[in-house]
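The block underneath contains the structure these notes are about, expressed in structure tokens.
The values are calculated or read from the model by the stated rules, or taken from the named source; none is laboratory data. Every value quoted in this text rests on a predicted model; they were computed, and no experiment measured them. Please note: Cβ atoms are built from the backbone with ideal geometry, for glycine as well, and neighbour counts cover all protein chains shown.
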Amino acid sequence: MGAFSSLGSVTTTEIVQILTTTSALLTANLLRLSITRQVFARALIQSECLWTFSKSCCNQDKDMAALRHFKIGDGRIIPGIGFGTGTALYQQDAANSLVKAISVGYRHLDTAQMYQNESSVGKGIKASGVDRSQLFITTKVSQNVGQQTEQTFDRQLADLELDHVDLYLIHTPILEGTTVEETWKALESIQKKGKAKSIGVSNFRVSDLKRLEGLTRPAVNQIEFHPYVWKKAQPLYHYCRENNIALQAYGPLSPLVHFKNGPLDPVLKKIAERHQATEGQVLMAWTIAKGVIPVTTSNKEERMKELLKEIELSEEEQKEIEQVGSQTHHRKWMDHMDSE
């Protein structure tokens, strides 16, 4: 009798009654589930983000327990906003800052050949005590590319003390002695060998991305992204969305850090006070609302924690930030992005 032995001796009529009742309950539950799934799907489409709840071995606030996850172009998932090792950590020993960032909840770590600190990033990853499988690690290449790309990548892996990275990017389309296409084919080879789970680009314009059409589609395009470049970035933003290329934002806090006393200052302050939040949290919320994955950095633990705490902006607040931000144009890096 196996699984049905607990039924004992019952009549056919009784079995039909049991199955009918069970079917009705199951149908009701599935209906509720369907409604819930529809609601969740609408939220998912709007934000293009996935939520997950994780309990890690790190000391985290309750606010750190819920980590937002993001889906990139090839279907893989990035755990949370990125902690970058450029800007303040450029050419610096990043190990201690990285350990601190991982301890407060960051699992998405971003570095680059150009930053000249991959070795210290590798040491920080190892010193964190967090299992490699829990981390999503990105690095980028900009020199010694073309036919040398695979050898360059192997040196980067050795510096990071890793056997693979999760995402490998061409840092810029402006390359010396080679072409974007040749370098991209080297990234395809690296991916096929399992040394990079996903591949993508950074600081690519629409015209640069079109050069890769017919090849493996980049999973990501990492660009400077904040309200002061929003107006200029819209053609690229829409092209990436239409072609399933996820956008990552570096410099999402630039209006506060690099372009103070601009027209956005009073707007960000007003919205922050309304949400009992900081201006930095408002900018991060705006970036996420646009479906863009933020990458940020700080040497201060409290600032690291602050930027992991999320708020949700209304559509009116988002539009106000965009309208005021579009009154002026400020770009900190990669001037070629303002040309086609």
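Between a first residue in the stretch 319-340 that is crowded, with 18+ Cβ neighbours inside 10 Å and assigned to a loop (DSSP other than H, G, I, E, B) and a second residue that is modelled with pLDDT under 95 and charged (D, E, K, R), which pairs have beta carbons less than 7 Å apart while being 6 or more apart in sequence or on different chains?
Arg331/Asp338
Could you look through the stretch 285-318, keep only residues that are in a loop (DSSP other than H, G, I, E, B) and either at positive phi or among the polar types (S, T, N, Q) (or both), and pick out the one that is farthest from the chain's Cα centre (by Cα)?
Result: Ser314.
Can Gly200 be described as at pLDDT below 95, assigned by TED's automatic domain parsing to the domain that holds Leu308 and either within 15 Å of the chain's Cα centre (by Cα) or surrounded by 19 or more Cβ atoms within 10 Å (Cβ to Cβ) (or both)?
no
Residue pairs, Cβ under 8 Å, 6 or more apart or interchain, first in the stretch 240-266 and farther than 30 Å from Arg217 by Cα, second surrounded by fewer than 16 Cβ atoms within 10 Å (Cβ to Cβ) and not hydroxyl-bearing (Ser, Thr, Tyr). List them.
What qualifies is Pro255/Asp265; Pro263/Gln327.
Residue by residue through the stretch 203-216, note down the ones that are touching a helix residue (DSSP H, G or I) at 6+ places or on another chain (Cβ under 9 Å) and either crowded, with 18+ Cβ neighbours inside 10 Å or in a loop (DSSP other than H, G, I, E, B) (or both).
Within the stretch 203-216, Asn203, Phe204, Arg205, Asp208, Leu209, Arg211, Leu212, Thr216 qualify.
For the stretch 171-183, how many residues are buried (at least 20 other Cβ atoms within 10 Å of the Cβ) and farther than 18 Å from Thr85 by Cβ?
Matching residues across the stretch 171-183 total 3.
Do the conditions hold for Lys260, that is, is it among the charged types (D, E, K, R) and buried (at least 18 other Cβ atoms within 10 Å of the Cβ)?
Answer is no for this residue.
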